[in-house]
1. Filter region 218-260 down to the residues that are polar (S, T, N, Q) and surrounded by 14 or more Cβ atoms within 10 Å (Cβ to Cβ), then identify the one that is farthest from Ala44 (Cα to Cα).
2. Confirm whether Lys177 is out of contact with any Phe, Trp or Tyr (no Cβ under 9 Å at 6 or more places or on another chain) and of a type outside the set (A, V, I, L, M, F, W, C).
3. Give all pairs with beta carbons closer than 6 Å in which a residue from region 154-177 that is in contact (Cβ under 8 Å) with a residue 60 or more places away in the chain and of a type in the set (S, T, N, Q) meets a residue that is surrounded by 21 or more Cβ atoms within 10 Å (Cβ to Cβ) and in a strand (DSSP E or B); count only pairs at least 6 apart in sequence or on separate chains.
4. Does any residue in region 223-238 that is closer than 8 Å to Gly205 by Cβ and without any contact (Cβ under 8 Å) to a residue 24 or more places away in the chain come within less than 9 Å, Cβ to Cβ, of a residue that is in a loop (DSSP other than H, G, I, E, B) and polar (S, T, N, Q) six or more places away or on a different chain, and which pairs are these?
5. Name the helices (runs of 4 or more DSSP H) wholly within region 153-260 that hold at least 3 residues that are closer than 29 Å to Ile72 by Cα?
Amino acid sequence: MDQAENLRNIIKKQNQKNVDNARVIAVTSGKGGVGKSSFSINIAIQLARMGKKVIILDADFGLANIEVMLGIIPKANLSDLMFRGKELKEIILDGPEGVQFISGGSGIAKLSNLDREQIKRLVSKLSELEELADVVIIDTGAGMSSSVMEFLVAAPEIVIITTPEPTSITDSYALLKGLTMYEGFDAQNTRIRVIANKVSGPEEGRSLYEKLSMVIKQFLKMDVEFLGIVPQDNTISKAVMKQKPVSIMYPESESARNFYNIAQALETNQDPVFIRKNGIRNFLRNVFAKNM
C-alpha cells in the first residue's frame, strides 16, 4: 500500500468514527467589494446566537479581511500550523460572541507546493476542527484563482454573494461557469445558493436572483437557490468603519434582521443528503485529492 492510499484510508476511518460532522459552507463572490467577508462574519454571529459553535477559515490569501473587519491582530496563522510546528488550538483566534476564526495569512497560497508529508500534517491538524465546531465557514477569495476554485470544488455548500451592479452579476456568472468546467466539480452533490447584497429591498433582490438563475439554468444547465437579501444599509458601512459587525453594533438594523433571517434559512432548510456529505475531513480530502 503506497503512502497516498494509506492517507486516504486514515481519513476514511476518521470519517466513519464521526457521525456528527461539522458543516462546511464556502462563501465566495465573482468580484471583490461585494460584502463577502461581512456576510461571513455576520452569519457566523447569528449562527452562534442559535447555539452553534462556528469557526471561520479566512481563505482570502494575503488580504486578511476577517481580522481587519474584527479589529483583531493575529499572533499566528495557518502558515504557523503548516511550517512552524504550531498546534491548531494555538492559531484559532477568539472573535465576538463565541465566534472563532483562523487567519490564512500567506499559508494557503502555498498549498500547491506542499509535499505529501506536509499535506498529511495539514489534513490531520485541520481535521481537529470536527471536534471544535458545528459549522466551518470558508471565506474564500474573490474571483477565479485556482486556490479559490479548489475550495469551491471541495465544498458541499456554496453561498455566492452578488449585487445589482452589472459587473457583479456577470462576474458571478463567470465564476459559476468556471466552476462547472473545473476538474472535480460535481454539480449533483453541490448546493449553491445566492445572496443578493446591497439591494433596495426584497423585490429587487428576488429580481436579481431570477435574472442570474435564468442565465445559469439556460447556459450552464445548473440550478441555484435563492437564500435571501442584505439591503443597502448605511449601518453596515458605519460598522465596518468601527471594525465591528453590524449584527453587534446595530442589532436592530434592517441588515442585522436580514442576517438573522438568512441564518435561520440555513438552519431550517438543511438537506439531509448534504449533511451526510459534509464534514471537515470530507472537505479536506476533496481539496487535497490530487496530491494524496
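1. Taking the candidates together, the pick is Gln232.
2. Answer is no for this residue.
3. Thr163/Asn197; Thr163/Lys198; Ser168/Thr162; Ser172/Ile160; Ser172/Thr162
4. So the pair list comes out empty.
5. Details: elements: 166-181, 202-215, 234-241, 246-249.
Correct list: 234-241, 246-249.
Computed from the coordinates by the stated procedures, all read-outs in this text should not be read as laboratory data. All of these numbers come straight from a predicted model, not from anything done at the bench. With ideal geometry, Cβ positions are generated from the backbone for all residues, glycine too; neighbour counts draw on all protein chains shown.
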